[in-house]
Amino acid sequence: MKRLDALLLVASTLLGLVVVYSAVGMGLTYHNKPGSGLFPFLIGLLMAMVSGSVLVTHIFRVGLSADATARSDCSGQKNRTRVTLVYALLIVYTLSLRYFGFATSSLLLMIVLLRCVGLKSWMYSIGMSVCVVIPITAVAVYVLKIQLPVGMFGY
Amino acid sequence: MDIVDAYWYGFQIVTVPNNLAFCFVGTLVGTLVGVLPGLGPGAAMALLLPLTYHLSPVGALIMLAGIYNGAMYGGSTTSILVNIPGEAGSIMTCIDGHQMAKQGRAGPALGISAFGSFIGGSITTFIVTLIAFPLSRLAIIFGPAEYFALMCAGLLLLCFLAQESFARSLISASGGLLLGVVGMDVFTGQSRFTFGIPSLYDGIDLVIVLLGMFGVTEILANMEQLFVEKRFVTQEIRGLLPTWEDLRRSINPILRGSLIGSFFGMLPGGGTVISTFTSYAMEKRLSRSPERFGHGAIEGVAGPETANNSSSTAGFIPLLTLGIPTNATVALLMAALLILGIQPGPLLIRNNPEIFWGVVMSMYIGNVILLILNLPLIGIWVQILRIPYTLLFPVILLLCVIGTYSLNNRLADVYIMLLFGLLGYIMQKGSFPVHPFLMAMILEPIVEFSFRQSLAISNGDIRVFVSSTIATVLLLFVASVLLLSVIKPVMRVLNVALQKENRAT
């Protein structure tokens with residue numbers, strides 16, 4: 001059984017059960033009418049039941065080969081590293097928006113992405129980033145009048 | 001208003017210079033998006049959704065419909081020239097389209113694809129107008145119980161027809177429904193799953209989730225094939241007009257493709273993939289020389305391409321008449337309508353005829369624009385195809401951030417978008433389809449409202465759901481499919497256990 005599959009099924013079963021529990025706390029009925037918790041209760045129950053039944057099937061190692069959608073996730077360790085790198089850069093980028101503003105952070109992000117992920121030269125990465133980020137920022141701010149995050153440099 | 005008056009009314013709306021410009025821009029952007037592999041129509045529409053807040057509802061819808069139809073056509077260019085489907089509906093076009101291109105017949109392949117899309121789109125638009133009136137009249141008699149049953153059946157059908165397993169689609173859809181529950185309960189004012197975070201009291205903004213799950217998720221998924229080499233057809237593309245022989249071979253597949261696309265496009269979850277697969281299989285089966293399929297048969301391009309465009313157009317019927325989106329991209333259109341304060345459904349024709357007929361007529365105009373635009377501009381599309389994804393994805397990311405931040409000027413929204421991007425990626429890796437999740441989230445307020453309204457009217461008596469034949473039949477279908485989905489895996493376990501025991505004895 002794939003580890004990720006198992007984890008997701010366990011997580012969705014638990015989530016369903018937690019929702020059922022919380023929904024009961026919200027109240028299933030309200031003056032003889034449906035309460036706030038009734039709909040989440042039913043959805044949580046459905047989620048827990050379906051996830052649970054799929055999980056049980058897998059635990060018994062039945063239908064593993066029959067499940068046409070269960071793709072192998074063993075391939076492409078290198079690709080997954082790239083995905084992780086991009087996501088990590090995105091987290092750093094969003095956190096930096098508060099301090100450096102949209103223009104500076106985006107410029108830095110794009111240079112790093114082009115250099116480290118796109119494997120382009122430093123000159124190409126810097127040049128292309130300037131050519132892309134400045135027009136996008138200008139259109140957003142001056143044409144579409146969107147207020148973008150402003151950092152310590154004021155832009 | 002009879003049908004001729006309605007057509008004329010729609011034509012007047014769409015030919016207003018602003019709307020015509022929106023239609024043109026939408027079709028152009030859609031084709032561009034369809035041509036670029038890795039940027040689907042859903043992602044493009046999600047990116048442009050925040051911009052449509054500043055437009056009139058008719059203009060916004062015309063532009064988004066143009067993007068959708070344009071992307072369906074643009075995807076075929078990539079399939080034929082590079083053998084990479086620009087979007088899922090163009091997968092079948094790769095088989096014979098690329099073979100034709102390798103034989104130096106890229107021009108006729110692109111040409112027949114444009115004609116097929118035009119004819120299919122136009123026939124289906126006509127069908128839309130014929131069906132919409134009676135369907136919306138029928139839907140008006142629906143009460144909350146019938147509406148609830150219809151929504152449940154629609155969601156279930158979507159899960160059933162999804163490419164991934166039914167159980168996983170169902171789990172995904174329940175996740176979307178749960179997400180829709182987050183926020184203040186409109187009936188009692190009680191907060192649900194907000195964890196004391198004030199920004200969650202209004203619920204999670206749909207656009208943030210859409211940008212995360214369409215934009216960021218697609219980027220993360222595409223990172224895995226970042227350096228897959230594109231094999232272009234290098235010969236010069238000439239002779240876009242198909243020969244008489246090509247037209248003779250294609251006319252029946254085009255007509256059949258229109259009908260197949262119209263039928264499957266109307267089913268929730270039917271979508272472009274099933275219709276193109278069915279069309280291809282049917283053409284191969286009906287052909288006197290099926291051995292030509294896979295080696296550059298023009299029927300293998302004409303049928304699926306027509307079905308693809310017909311299916312995307314037919315998806316508007318359930319949306320505009322019943323308020324049910326048939327796939328995630330149509331769900332985005334529904335989200336746009338809801339954001340603009342318009343309730344899609346049976347009352348749309350009566351309350352907002354300008355939107356209904358404006359959008360319907362814009363499909364005709366859009367098809368003409370597609371035909372005029374695509375054939376002469378094919379050289380430009382080929383050049384655009386050469387833009388590397390390494391340059392494209394940072395731009396998409398920046399647009400996602402701008403789109404999200406512009407909603408409320410809150411950085412927290414950008415964090416939430418990133419979180420949903422990761423969730424979408426993990427779901428994809430675990431074979432949990434993202435589309436039922438998004439559709440369920442969009443439909444949740446309507447499903448819950450009709451469910452609770454029915455119970456409130458009947459003072460909590462659940463027999464209200466079986467008080468009418470329509471609701472009973474629909475809910476019986478829902479219940480039996482749900483029961484089957486739980487019983488089937490358990491039966492499989494018992495079966496194997498019994499077999500093991502038999503073998504042991």
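Points to keep in mind about this one:
- Inter-part distance where the stretch B:324-374 and the stretch A:111-145 are each reduced to a Cα centre, Å: 35
- The B:Lys102 and A:Arg3 beta-carbon pair, evaluated with R₀ = 51 Å, returns a calculated FRET efficiency of approximately 0.75.
- Across the stretch B:280-291, rounded Karplus estimates of 3J(HN,Hα) from the backbone phi angles (6.51 cos²θ - 1.76 cosθ + 1.60, θ = phi - 60°) give 4, 4, 5, 4, 5, 5, 7, 5, 6, 10, x, 5 Hz, Gly and Pro being marked x.
- Number of partner chain Cβ atoms within 10 Å, mean per residue of A:16-22: 2
- Surrounding net charge for B:Asp461, when Lys and Arg each add one and Asp and Glu each subtract one, Cβ distance under 15 Å: +3
- Peptides B:5-12, B:456-463 ranked from most to least packed, by the mean per-residue count of other Cβ atoms within 10 Å: B:5-12, B:456-463.
- Each of B:Arg288, B:Arg249, B:Arg452, B:Arg410 was scored by other Cβ atoms within 10 Å of its Cβ. Arranged with the fewest first, they read B:Arg288, B:Arg410, B:Arg249, B:Arg452.
- For chain B, the Kirkwood hydrodynamic radius comes to 23.5 Å, computed from all pairs of different C-alpha atoms.
- With neighbours defined as other Cβ atoms within 10 Å of a residue's Cβ, the residues B:Asp2, A:Asp5 order from fewest to most as B:Asp2, A:Asp5.
- Per-residue mean of foreign Cβ neighbours for A:133-145 is 2 (Cβ atoms of other chains, 10 Å radius).
- For chain B, the longest principal axis of the Cα atoms and the long axis of helix B:434-457 meet at an angle of about 40 degrees.
- The C-alpha atoms of chain B define a longest principal axis, and helix B:469-504 lies at about 80 degrees to it.
- A simple rule links phi to the HN-Hα coupling: the Karplus curve 6.51 cos²θ - 1.76 cosθ + 1.60 with θ = phi - 60°, which for the stretch B:126-143 gives 5, 4, 3, 5, 6, 7, 4, 4, x, 5, 5, 5, 5, 5, 5, 6, 6, x Hz, with x for Gly and Pro.
- Other protein chain C-beta atoms within 10 Å of residue C-beta, averaged over B:178-191: 4.
- Degrees separating the helix A:77-112 axis from the principal Cα axis of chain A, which is the longest one: 60
- Positive-end residue of B:Ala412, B:Thr472, B:Gln383, charge dipole of the stretch B:329-475 with Cβ unit charges: B:Gln383
- Ranked for footprinting exposure by Cβ neighbours inside 10 Å, fewest first, B:Glu245, B:Glu299 give B:Glu245, B:Glu299.
- Largest first, the extents of the alpha carbon coordinates of the protein assembly as shown on the three principal axes equal 70, 69, 64 Å.
- Under 5 Å between amide hydrogens, built in the peptide plane, is the criterion, and for B:Arg192 it picks out B:Gly183, B:Met184, B:Asp185 among residues at least 5 positions away or on other chains.
- Ordering of B:174-181, B:258-265 by burial proxy (mean other Cβ atoms within 10 Å per residue, highest first): B:258-265, B:174-181
- Restricting attention to the protein assembly as shown, the count of lysine pairs at 8 or more positions apart or across chains with alpha carbons under 29 Å apart stands at 15.
- Residues within the reach of a label modelled at B:Ser199 (point 7 angstrom out along Cα to beta-carbon, backbone nitrogen below 18 Å), restricted to the stretch A:86-102, are A:90-102.
- Each residue of the stretch B:404-412 was assigned a 3J(HN,Hα) from its phi angle through the Karplus expression (A = 6.51, B = -1.76, C = 1.60, θ = phi - 60°), giving 6, 5, 5, 5, 10, 6, 10, 5, 4 Hz with x at Gly and Pro.
Read the figures in this text as sums done on the coordinates, not as results from a lab. Computed from a prediction, not measured in an experiment: that's the story for all the values here. Quick reminder, even Gly has a Cβ in these numbers, built from the backbone with ideal geometry, and neighbours come from all protein chains shown.
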